[in-house]
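The values are calculated or read from the model by the stated rules, or taken from the named source; none is laboratory data. Keep in mind the model is a prediction, meaning the values are calculated, not measured. Note: ideal-geometry Cβ built from the backbone for every residue, glycine included; neighbour counts use all protein chains shown.
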Amino acid sequence: MYEDELVEIAVEVDGEAAEAVVELFNRYNGGDWIEDSAAGEASGGGAVVESTGYDDFGSPLPDQFRMVVKTYLKPGPRGCGIRRQIEEGLWRLSLLYPIPEPVARTVKEEDWAHAWKQHYRPLRIGRRVLLTPAWEEPEAQPGDLVVRLEPGMAFGTGLHPTTRLCVAALEKWVPSGGAFLDIGTGSGVLAIAAAMLGAAPVWATDIDPLAIRAAKDNALRNGISLSPDSLHIQRGSVPAGCAGRFNVIAANILAEVLVDLFDCAYDNIPLAEPLAPGGHLILSGILEEKSEMVLAAAERRGLKEVERRQEGDWVALVVRREHAR
Ligand code: SAH
């Protein structure tokens, strides 16, 4: 191998496994040691996502969720070590997801430096929301809401079914001018989409400080200013002092965490408390077999199921707080 060559490792996976593979590549190969010398900037190793299922107009084809996730390694002992970690990590993931053998090949570094940005393509989720890498000008239809994200930071690239289920529910339930709360905001994707759908104010929380940073950066990238009246992003979980304030709340976390948040297992404010009478709570991150457990926890707080959405094994529930009689 020559100095100006890189090893490309590629795995073809569906959307759900793609998010896990992206995370793995970014964890072991997320440093900024690959220089884009033409642009004079460090581009990062990281993961590159290539969607394999779009027609010429950018519309998803039936197998829309097939993705190729790639990462690039420099030659030498460090690259070899990272490759071993990645291969081990992929093997562990293959116990959870159907993941084929990774395909490795050698490519010229300059090809990579210029080519990789072409591969992360706009992704339509919901009917109007078009998720787009920050640098791309997508071909949007009239009425589309273009949400720009820097990929490979916090969870919430739009590759995961739980995110897509939430976005579709937001399009239906977020009223223009209504107050919206996003608990576990990750990249900020749902909060940004809700702000674009006309919700105000939008509040977002996450227990992970890196998510808070990513969500703020992504908000600014989308031209949304940060203030308590427009978009407010804070560290934490269910916010205190907000009883009945929000018309719609989304929480895309995990079934067990949602149940604990309803039941105040962390001494937290109950998940239902900030919801306004007549308001809707979108619960996602729920594997099908756990949906009854989450619904029961919501019902203990007086909420009623109004909608159930499903993609693969993942369920999103929309529950409603009735108006006080
Ligand atoms: N809302 C994004 C990201 C969901 S990932 C989307 O729909 O794609 C779940 C996020 O919830 C992670 O960023 C994680 O840090 C956060 N999280 C986990 N437990 C939490 C809790 N108890 N309270 C608030 N956020 C939590």
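Here are the numbers for this structure:
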{"item": "Hits in the range 183-206 (condition: more than 12 Å from the ligand (Cβ to nearest atom) and in a helix (DSSP H, G or I))", "result": "A195, M196"}
{"item": "Any hit, the range 247-257, residues being without any contact (Cβ under 8 Å) to a residue 12 or more places away in the chain and either more than 23 Å from G186 (Cβ to Cβ) or not polar (S, T, N, Q) (or both)", "result": "no"}
{"item": "Among (1) within 12 Å of the ligand (Cβ to nearest atom); (2) within 21 Å of L165 (Cα to Cα); (3) out of contact with any helix residue (DSSP H, G or I) (no Cβ under 9 Å at 6 or more places or on another chain), the one test that P209 misses", "result": "(2)"}
{"item": "Enumeration of residues in the range 189-213 that are crowded, with 24+ Cβ neighbours inside 10 Å and farther than 20 Å from H280 by Cβ", "result": "D206"}
{"item": "Pairs where the first residue, in the range 80-98, is within 15 Å of E23 (Cα to Cα) and the second is assigned to a helix (DSSP H, G or I), C-beta under 6 Å, 6+ apart", "result": "I82/Y28; I82/N29; Q85/Y28; I86/Y28; G89/L24; L93/A20; Y97/A17"}
{"item": "Filter result for T162 (hydroxyl-bearing (S, T, Y) and out of contact with any helix residue (DSSP H, G or I) (no Cβ under 7 Å at 6 or more places or on another chain))", "result": "yes"}
{"item": "Count - residues of the range 272-289 that are surrounded by 14 or more Cβ atoms within 10 Å (Cβ to Cβ), of a type in the set (G, A, S), at pLDDT 95 or above and not in a loop (DSSP other than H, G, I, E, B)", "result": "3"}
{"item": "Residue check for A243: surrounded by 16 or more Cβ atoms within 10 Å (Cβ to Cβ) and either charged (D, E, K, R) or without any contact (Cβ under 8 Å) to a residue 40 or more places away in the chain (or both)", "result": "no"}
{"item": "Subset tally (residues that are more than 21 Å from the chain's Cα centre (by Cα) and modelled with pLDDT under 95) for the range 290-325", "result": "4"}
{"item": "Top-ranked residue in the range 212-239 [being more than 13 Å from the ligand (Cβ to nearest atom) and assigned to a loop (DSSP other than H, G, I, E, B); ranked as nearest to the chain's Cα centre (by Cα)]", "result": "N222"}
{"item": "Among residues of the range 165-183, those that are in contact with a strand residue (DSSP E or B) (Cβ under 7 Å, 6 or more places away or on another chain) and more than 12 Å from I282 (Cα to Cα), counted", "result": "3"}
